[in-house]
Structure formats: C-alpha cells, structure tokens
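Visitor: The structure under discussion is supplied below as structure tokens; questions concerning it will follow.
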Amino acid sequence: LGDGPLKGRHVLVTSGPTHEPIDPVRYIANRSSGAQGAAIAAALRDLGARVTFVTGPASVPAPAGVEVVAVETARQMLEAVEAADPADAAIFAAAVADWHVTEARDQKIKKDARGLPTLGFAENPDILATVSQRETGRPGLVVGFAAETENVIEHATAKRERKGCDWILANDVSPETGIMGGTENKVHLVTAEGVEDWPRMDKHAVAARLAEKIAEALG
Ligand code: C5P
C-alpha cells in the first residue's frame, strides 16, 4: 500500500452493473461499463487507501492493487458489502438492478414452449440505503450516485435525503450526453451544504477530484 492522505484508511467501492438471471443463459441488467467505479477505486488507491472493490460483471477491468470481490446479482453484492471489513468511507458507484426475476429457471426457457414466457419481479435490496441507515458500523462518509435523465439536481437532492447518504454525485446520463459507456463525465456533487457543479471531464479526473474530497473529509 502506498503513502498518501488515505494511508491507513479502508474504503469500500461498488461498481459495474448487476446481472439478474432469468434462466442460465439470460438476464436483466442496467447499462454500466463500470468505468467510473474502477477509476474511483484506482484514485483512492493512489492516495494510499486500502480499497475493497465489489464489482458486478463490468466491461472494464478492475484496477490493480485493490481487493476485488466479483459478484453477479444485487443480492450477492449486498452480501459482499455486508461481509467486508468496516470502512472509513463507502462509494456506491454500481448500477444495481432494481428488480430480480422471481423463480429464475434452472433450465433454459425454450422458445418453442407454448406462448410467451411471463416473468415475475421482486424488488432488490437497496445496498446504499442499507449501509447509510446502519445503526452500527456505518462508514463515516457514504457517497452514492444518481444517474438521471432529467431534473438531475432535484432528483439527486431528494435521493440523498431518502437514502440517508452524505454525498450524491449526480450525473445526466441521457443518451445524447455520451456519458454511459463513454470516457467523460459531468457531475454535480450534492451535499448537506449545497451543490457543486464540476466541469465535464475525463472519468479519471472526476475520480481524482472525488478521492481528494474524500481525503479532505476524512481529515
Ligand atoms: O435509486 P437509484 O438506483 O437511482 O440510486 C442510485 C444509487 O444507489 C447508486 O449509488 C447505486 O449504487 C445505489 N443503489 C444500491 N442498491 C440498489 C440501487 C441503487 O446501492 N438496489
């Protein structure tokens, strides 16, 4: 582990999408490359933190020098987060699926079965809200994301209060922004004190700036 302002600190980062199986060959998921989460984990590592990186099936590789816990579903992600060592800060960058399919099949659903299949859904656990609202062992700083396509600040401000986290990094992920799957991000940092608008920049620069802020906040 390197030197730096986060030396001796443990930070948990979730990243990537989750995959919720329908049958052994099919799943539902959110769009997420995992690029912003991986960049955040790397930036925290660069400031000397020990990083536990809980990741769904992302399309970008996990950074070197972090402890990777690979999961598939939201329920597994929650389990991994609960099993992680106590953290000084936790950053929830994963694009967790809101629902899983009830009664996922053990065998591939055949296309020639009578009629179209019907899927049942059940709500997934909200990992960010669960950790934010812990009575014991809550990380000193909990950061969530709000990927929105309209009324970004308004939704993010409400989300911060609803979930009980300290900061929300809000971004507009409308297709025309090119942010999803792209190399840049344009975020707003929503805290109890107000809103900071950050310029559009490379996802690594967003990650570096966030890591600096976290180091400052942890003191
Ligand atoms: O409610 P929404 O999905 O918009 O909230 C996004 C934030 O909540 C992100 O930080 C995401 O990682 C986190 N989240 C979570 N577990 C869920 C849903 C979202 O940790 N089931």
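Visitor: Quick check on the range 61-71. Is at least one of its residues touching a His at 6+ places or on another chain (Cβ under 9 Å) and not in a loop (DSSP other than H, G, I, E, B)?
Guide: Taking every residue of the range 61-71 in turn, none turns out to be touching a His at 6+ places or on another chain (Cβ under 9 Å) and not in a loop (DSSP other than H, G, I, E, B).
Visitor: So residue 174 clears everything in (1) over 24 Å from residue 53 (Cβ atoms); (2) within 20 Å of the chain's Cα centre (by Cα); (3) within 14 Å of the ligand (Cβ to nearest atom) except one condition, right? Which one?
Guide: Of the numbered conditions (1) over 24 Å from residue 53 (Cβ atoms); (2) within 20 Å of the chain's Cα centre (by Cα); (3) within 14 Å of the ligand (Cβ to nearest atom), the odd one out for residue 174 is (3).
Visitor: Mind listing just one residue for me: the one in the range 61-76 that is within 25 Å of residue 208 (Cβ to Cβ) and not small (Gly, Ala, Ser) and, of those, nearest to the ligand (Cβ to nearest atom)?
Guide: Only one residue tops the list, namely 69.
Visitor: Moving to a separate point now. For residue 131, are the conditions met, namely being within 26 Å of residue 26 (Cβ to Cβ), surrounded by 10 or more Cβ atoms within 10 Å (Cβ to Cβ) and within 13 Å of the ligand (Cβ to nearest atom)?
Guide: no
Visitor: While we're on this one: Does the range 32-40 contain any residue that is of a type in the set (S, T, N, Q), touching a Pro at 6+ places or on another chain (Cβ under 7 Å) and within 22 Å of residue 209 (Cβ to Cβ)?
Guide: Scanning the range 32-40 turns up at least one residue that is of a type in the set (S, T, N, Q), touching a Pro at 6+ places or on another chain (Cβ under 7 Å) and within 22 Å of residue 209 (Cβ to Cβ).
Visitor: Counting just the residues of the range 146-182 that are among the polar types (S, T, N, Q) and under 17 Å from residue 95 (Cα atoms), which one comes out modelled with the lowest pLDDT?
Guide: So the residue we want is 174.
Visitor: While we're on this one: Does residue 37 count as part of a helix (DSSP H, G or I) and either touching a Gly at 6+ places or on another chain (Cβ under 6 Å) or not basic (Lys, Arg) (or both)?
Guide: Yes; evaluated as a whole, the condition is true for this residue.
Visitor: I need the strands (runs of 3 or more DSSP E) fully contained in the range 109-187, keeping only those with at least 2 residues that are touching a helix residue (DSSP H, G or I) at 6+ places or on another chain (Cβ under 7 Å).
Guide: Filter on the range 109-187 gives 141-148, 167-172.
Visitor: Continuing with this model, one more query. Which residues, counting only those in the range 86-96, are part of a loop (DSSP other than H, G, I, E, B) and either crowded, with 23+ Cβ neighbours inside 10 Å or of a type in the set (S, T, N, Q) (or both)?
Guide: Matches in the range 86-96: 87, 93, 94, 96.
Visitor: Just to be sure, is residue 212 farther than 13 Å from residue 147 by Cα, surrounded by fewer than 16 Cβ atoms within 10 Å (Cβ to Cβ) and in contact with a strand residue (DSSP E or B) (Cβ under 8 Å, 6 or more places away or on another chain)?
Guide: When the stated conditions are applied, residue 212 does not pass them.
Visitor: Another question about this same structure. For the range 97-125, name all the residues that are within 8 Å of the ligand (Cβ to nearest atom) and buried (at least 18 other Cβ atoms within 10 Å of the Cβ).
Guide: 97, 124
Visitor: If a residue must be part of a strand (DSSP E or B), buried (at least 19 other Cβ atoms within 10 Å of the Cβ) and out of contact with any Asp or Glu (no Cβ under 9 Å at 6 or more places or on another chain), how many such residues does the range 2-31 contain?
Guide: 4
Visitor: Follow-up. For the range 18-50, name all the residues that are within 16 Å of the ligand (Cβ to nearest atom) and in contact with a Lys or Arg (Cβ under 7 Å, 6 or more places away or on another chain).
Guide: 35, 36, 39
Visitor: Something else: Closer than 26 Å to residue 100 by Cβ, within 12 Å of the ligand (Cβ to nearest atom), in contact (Cβ under 8 Å) with a residue 40 or more places away in the chain and crowded, with 17+ Cβ neighbours inside 10 Å, is that true of residue 143?
Guide: Answer is yes for this residue.
The values are calculated or read from the model by the stated rules, or taken from the named source; none is laboratory data. Treat the numbers as computed from the prediction; the structure is a model and nothing was measured. A quick note on method: Cβ atoms are made from the backbone with ideal geometry, for glycine too, and the neighbour counts reach across all protein chains shown.
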